[in-house]
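Working notes, structure below.
The values are calculated or read from the model by the stated rules, or taken from the named source; none is laboratory data. All of these numbers come straight from a predicted model, not from anything done at the bench. Here the Cβ is made from the backbone with ideal geometry for all residues, glycine too, and neighbour counts use every protein chain on show. Each accessible area value is taken on the protein alone, full model and side chains, heavy atoms only, with ligands, DNA and RNA left out. Shrake-Rupley method; radii C 1.70, N 1.55, O 1.52, S 1.80 Å.
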There are 2 protein chains.
Amino acid sequence: MRLLNHRGQIMSNNWVTEQYLPSGSAIGLRIHSRLHAETTPYQTIEIYDTTDWGHLMIIDGCMMVSDRDNFFYHEMMTHPALFTHPSPHNVAIIGGGDCGTLREVLRHPEIHQVVQIEIDERVTRLAEEYFPTLCEANTDPRAKLLFTDGIAWMREAEPASLDVIIVDSTDPVGPAEGLFNESFYRSCYAALSPGGILVQQSESPLAHVELIQTMHAAMRQAGFGARVTLPFPQPCYPTGWWSCTLARKGDAGLTQFREDEAAMRTFATQYYNPAIHHAALCQPEFLRLALQD
Amino acid sequence: MRLLNHRGQIMSNNWVTEQYLPSGSAIGLRIHSRLHAETTPYQTIEIYDTTDWGHLMIIDGCMMVSDRDNFFYHEMMTHPALFTHPSPHNVAIIGGGDCGTLREVLRHPEIHQVVQIEIDERVTRLAEEYFPTLCEANTDPRAKLLFTDGIAWMREAEPASLDVIIVDSTDPVGPAEGLFNESFYRSCYAALSPGGILVQQSESPLAHVELIQTMHAAMRQAGFGARVTLPFPQPCYPTGWWSCTLARKGDAGLTQFREDEAAMRTFATQYYNPAIHHAALCQPEFLRLALQD
């Protein structure tokens, strides 16, 4: 899930196109038809039926999730962190209304409870209707879906109560801006148990290096002992290349993970495997230079 | 360099967009103006000045090279193969008219000679004019630029005379189709010295899995003892994710490389480094399953 206001959206000749103005680039998908459109108190949500990418959700003109390529994002937002933590029992997801991240988290048998805090209930209700496979774990008894403000929820979370926090948010402008600063990271830090891991979607490594640098600095200021940015392909997001950033409370670091258990995982993946986990930890040269402490 | 005929190109409101019909997806870049257009005996070539990606070359409606993102492609088409070969002295490039691959090859001090065989001289002449940094090694005394048919050239190449062959071609339709089959691979195999490496651009891992499978099978049939596909980001190509496939003559394999020398390299890179080399060898789960022998 991601969103940025300063974009345009063009629909013509059966193509829907998102123009991402900050990088002067655009991505389009060919469609059969628009299936749904509504304006909620928070945003405008559209659902399209595409020719090659299944269903597509667009929020305020920005591509959020398609059937065909969401596996990159949802697998990388979850499995690296969950296989790095030795015993991830309690997880919170901030945002994540399409429920794809929730589904991936619940594939891990160690999970006791996942609380998902999404501000706009309509995103989830539309996902249930148009992306049923992403929502197939919503009725899992370990899942708890809340529809309220994630920043306030995190501020009031019980200290040291969470093993992993996943910020599956829109882009850092407008309502989500408060999810990308030191104040929010301090709330997360307090809510995490020792060795706990914060995961945040961190935009395009090519288009948003400065944002990633700022994020690392704020996470360090908030007390996180280790931070690493994992790039991965994401064809329907600007530049086709995206990332998540992990930050860990304590000194355990983020380079070791339960590799044998990742190799023996009992669920299917399309992108993630232990080799890809190692690969994602490798930094492109320009990013390595940009993130040198 | 890549090309596929069955696409459309749209230019409107100062955006130039390539619609890639086989995957129902499109990529657009915002432009200031079109700087040049001409039709050669082989194709139509256009040069644009973009707002955020520098100069952009489009051939027959397909984005070929931009100033901003060509480093992914050119570095990955060259450095993994050249650091895998123990002593790459003699290299041939088939296609590669923008000369970016040639420049990266010539960064390696072990090189004695590089022959580039591009069928359309106008591509290189326009690259010299509009992409001067890509062409800065064209006058290197180790470089030899030929403008002729690469398939015929390879058929007549002296046996065992080349250490690395890089097929920096357009997509496998039309004139370049003959660069993607067993017959051409047999010519390459014969021209390679023992332990020699063939590199071929191999399209999008997401959109072209079947092509990559076919390519691996043909390379195996042609005698290559090892084959591996390396994915990398490429924002201006369809799906934003691309790959090259390496094949090696003999039993030395493709997983070991001169890692210390790659780490101590005397030239700057933007994407490649030894960690990224290891990362690129890691196969996404769906690709690993698709390429199991």
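Numbers below:
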{"item": "Residue within the range B:77-95 that is in contact with a Cys (Cβ under 7 Å, 6 or more places away or on another chain) and at negative phi present", "result": "yes"}
{"item": "Of all residues in the range A:223-263 being aromatic (F, W, Y) and assigned to a loop (DSSP other than H, G, I, E, B), the one that is farthest from the other protein chains (Cβ to nearest Cβ)", "result": "A:F224"}
{"item": "Whichever residue in the range B:264-275 is in a loop (DSSP other than H, G, I, E, B) and either open to solvent by less than 40 Å² (accessible area, probe 1.4 Å) or among the charged types (D, E, K, R) (or both) and, among such residues, is nearest to B:S187 (Cα to Cα)", "result": "B:Y272"}
{"item": "Positions within the range B:23-35 being surrounded by 15 or more Cβ atoms within 10 Å (Cβ to Cβ) and of a type outside the set (D, E, K, R), in sequence order", "result": "B:S23, B:G24, B:S25, B:A26, B:I27, B:G28, B:L29, B:I31, B:L35"}
{"item": "Selected residue (only one of B:S204, B:S161 is in contact with a Ser or Thr (Cβ under 9 Å, 6 or more places away or on another chain) and under 30 Å from A:S66 (Cα atoms))", "result": "B:S204"}
{"item": "All helices (runs of 4 or more DSSP H) inside the range A:88-196 with 2 or more residues being closer than 24 Å to A:T40 by Cα", "result": "A:100-106, A:121-130, A:150-155"}
{"item": "Residues within the range A:46-58 that are of a type in the set (A, V, I, L, M, F, W, C), surrounded by fewer than 24 Cβ atoms within 10 Å (Cβ to Cβ) and not in a loop (DSSP other than H, G, I, E, B), tallied", "result": "1"}
{"item": "Any pair with Cβ under 8 angstrom, 6 or more apart, that starts in the range B:98-121 at a residue that is at positive phi and ends at one that is surrounded by fewer than 18 Cβ atoms within 10 Å (Cβ to Cβ) and outside any strand (DSSP E or B)", "result": "B:C99/B:E128; B:C99/B:N138"}
{"item": "Cβ-Cβ under 8 Å pairs, at least 6 apart or on other chains, the range B:42-70 side free of Cβ contacts under 8 Å to residues at least 24 places away in the same chain and more than 11 Å from chain A (Cβ to nearest Cβ), far side assigned to a loop (DSSP other than H, G, I, E, B) and of a type outside the set (V, I, T)", "result": "B:T44/B:D60; B:T44/B:G61"}
{"item": "Long-range neighbours under 8 Å by Cβ, at least six apart or interchain, first residue closer than 16 Å to A:L246 by Cβ within the range A:264-292, second hydroxyl-bearing (S, T, Y) and open to solvent by 40 Å² or more (accessible area, probe 1.4 Å)", "result": "A:L281/A:T255"}
{"item": "Matching entry among B:T101, B:T139 (being of a type in the set (S, T, N, Q) and more than 15 Å from the chain's Cα centre (by Cα))", "result": "B:T139"}
{"item": "Residue check for A:A81: at pLDDT 95 or above, farther than 21 Å from A:E177 by Cβ, in the same structural domain as A:E261 (by TED's automatic domain parsing) and not polar (S, T, N, Q)", "result": "yes"}
{"item": "Odd one out for B:Y271 among (1) out of contact with any strand residue (DSSP E or B) (no Cβ under 6 Å at 6 or more places or on another chain); (2) away from every other protein chain (no Cβ under 13 Å); (3) of a type in the set (S, T, Y)", "result": "(2)"}
{"item": "Residues that are among the charged types (D, E, K, R) and either farther than 21 Å from B:D149 by Cβ or surrounded by fewer than 24 Cβ atoms within 10 Å (Cβ to Cβ) (or both), drawn from the range B:59-105", "result": "B:D60, B:D67, B:R68, B:D69, B:E75, B:R103, B:E104"}
